[in-house]
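So the structure is just underneath, and the comments pick up after that.
Nothing in this text is a laboratory measurement; each read-out follows from the coordinates by a stated rule. In this text the structure is predicted, and so the values were computed from the model without any measurement. A quick note on method: Cβ atoms are made from the backbone with ideal geometry, for glycine too, and the neighbour counts reach across all protein chains shown.
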Amino acid sequence: MTRATRHHPDWTLAAMLAALAMLGPFSVDTYLPAFAEIGRTLHATPLQVQQTLSVYMLAYSAMMLWHGSISDAVGRRPVILVSLFVFAIATLGCAASYRIEYLLVFRALQGMSAGAGIAVGRAMIRDRFDGHVAQVLMSRVTMLFSIAPGIAPIIGGALHVAFGWHSIFLFVGLVATILLMVCWRALPETLPLHQRQSLAPHALLEGYRDLLTHGRFLLLVACVALNFGGLFLYISSAPVFLVHHLGLKETQFGYMFVPAVVGIFLGGWLSGRLAGKLTPMQVMRLAFAMLGGAALFNLLHSCWGQPSVWLNIGPLMVFNIGMSLGSATLTLLALECNPSRRGMVASLQASLQVAFSAVVSGVLSPWLSPSLAGLSAGMLVLNVLSITAWYGYTRLAARETGVPSQG
């Protein structure tokens, strides 16, 4: 690996890794506007339709444990190519489903294959780049990836209205097929043979045990999961939040998702601009100021103000700026908890994050979404827990390294 490769990130790799990471949001956000129609055509209850999201998230989380570990052993490229192929087949199965039970099975298969891009992609960035250059590339991926949650529900709503809900999965399957062909031709292998790890059961168990008992890693994962949970609470509650509380139509989901995307994009841009200029502690202080301020305003308005598209959705954009700003810093810090098994680290981080998101969508969303105050209170509580986890990380890091905490 040349010095130039390690110090000059390129947009081509960032674009491919971002596209791989987009499969997750496209698998979730495109079909949200069609929930009611899916229930009617498949004779399913609202709870059963909601479970198509939960089963996807649980399968995504369970298989995420293995994507990175397998890539540590066989290389990054084969894992991504095989996962893309399986995802494309599963998506076509979703489109062909005529009973809710079949849709649940193919959604689970989608979830098992969709996570390789984001987990292995993070490891690929750290394989090739160091320090603030890795942060710049991670930020670029975030900026490009942020497009997906904004356009996915708009595309899904338009396809649903024009052609029915089956067309949504046909479209996602086409995207996956095109991405498979592009990666087959252009995606590089970033893990040299001499750095590959064993897939022996005892080696895997030892690696997972080390990470699951690694205090700093667990606290960093908690920060990422709790921050994203504040956003995902609103994503998974979007049909109720937008249609019931704010009076919008199925084709107007972009009123929430576009500002959310703008926030993620701006946070990624800001993270790249601040890379090498601010310390990780300073970046996280700025990120938590945005997260906490937005969550607090959101709660105050939801409790004492009138429902408003701009005042209820505006804080989500600011919240997302803070979440995206801190994401690259938290992820890179986590990847350094075990440099020899970055694939496993990335997989376990993503798996725990998605498992928590499944809890948010399956438990917190149905519980809190009946009221705007409930949703905003949930966001604030998650933010407070994230700040607490970061404080714990800084104190633990100071004790283990002997460097005074600045967090």
Seminar exercise, completed: Once the dipole of the chain is set up from charges on Cβ (+1 Lys and Arg, -1 Asp and Glu), the residue from the list 152, 353, 283 lying farthest towards its positive end is 283
Exercise. Given the C-alpha centroids of the range 325-360 and the range 216-263, what is the distance between them in whole angstrom?
Worked result: 20
Problem set entry | Kirkwood-type radius of the range 183-289, with distances r between different C-alpha atoms, in Å | 18.4
Exercise. Which value, in debye to the nearest 20, gives the size of the charge dipole of the range 1-134 about its Cα centre, when Lys and Arg are +1 and Asp and Glu are -1 at the Cβ?
Worked result: 240
Exercise. About its Cα centre, how strong a charge dipole does the chain have in debye, to the nearest 20, once Lys and Arg get +1 and Asp and Glu get -1 at the Cβ?
Worked result: 640
For this session: Work out the length of the dipole vector of the range 83-194 about its Cα centre, built from +1 on the beta-carbon of each Lys and Arg and -1 on the beta-carbon of each Asp and Glu, and round it to the nearest 20 debye.
Result: 60
Seminar exercise, completed: Descending packing, highest mean Cβ count within 10 Å first, for 373-379, 196-202, 389-395 is 373-379, 389-395, 196-202
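Within 10 Å, count the other beta carbons around each residue, average over each peptide in 112-121, 347-356, 127-136, 286-295, and list them highest first.
Working: 112-121: 28.4, 347-356: 24.5, 127-136: 18.8, 286-295: 20.9.
For the peptides 112-121, 347-356, 127-136, 286-295, the packing ranking is 112-121, 347-356, 286-295, 127-136.
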Problem set entry | Largest-first principal axis extents, alpha carbons of the chain, Å | 55, 47, 37
Problem set entry | Neighbour net charge for residue 145 - beta-carbon separation under 13 angstrom, K R +1, D E -1 | +1
For this session: Highest first, please rank the peptides 309-315, 24-30 by the mean number of other Cβ atoms sitting within 10 Å of their residues.
Result: 24-30, 309-315
For this session: Could you point to the residue in 17, 321, 191 farthest towards the positive end of the chain's charge dipole, with +1 and -1 charges on the Cβ of Lys/Arg and Asp/Glu respectively?
Result: 191
